[in-house]
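Bear in mind these aren't lab numbers, they're just calculated from the coordinates by the rules spelled out. None of the values given here were measured: they were computed from a predicted structure. Cβ placement follows ideal geometry from the backbone for every residue including glycine, while neighbour counts extend to all protein chains displayed.
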Amino acid sequence: MAAAQPTLHNVMSLLEGISGRLSAVEYKLQCLDNMDHRMAVLEKDMKTLWLALDDKVKTVEERVSKLEHISDGADIAAEQVSS
């Protein structure tokens, strides 16, 4: 017995199903592209924040170092006065 040939209606139904699946895949790929773009922006912002934080830390370290030197000088002066 020979296999029945698909009708145009059957072929169109299958193509519509394939088209729907391709649309879903395209939508998911678009979402991934959007996420990739957002991650790139986030990475850039994090680098900017890291550099700003690093600058602040350097400034604070310099101020602490100056205060330590002043404190050491005050300790030496206090020892000289008390002796």
Percent of Cα-Cα distances greater than 12 Å, calculated over region 6-45: 68
For the chain, the spread of Cα positions along each principal axis, largest first, Å: 120, 23, 10
Extension gain, residue 38 back to residue 75 (0.36 nm per residue minus Cα-Cα distance, nm): 7.9 nm
For the chain, calculated [θ]222 nm from helices alone, where every DSSP H run of n ≥ 4 adds -39500 (n - 2.57): -34500 deg cm²/dmol
Top positive-direction residue, dipole computed over region 1-78 with Cβ charges, set 71, 53, 29: 29
Hits among aspartates and glutamates - C-alpha to C-alpha of residue 44 under 16 Å, sequence gap 8 or more where chains match: 36, 54
Using alpha-carbon coordinates, inclination of helix 8-82 to the longest axis of the chain, degrees: 0
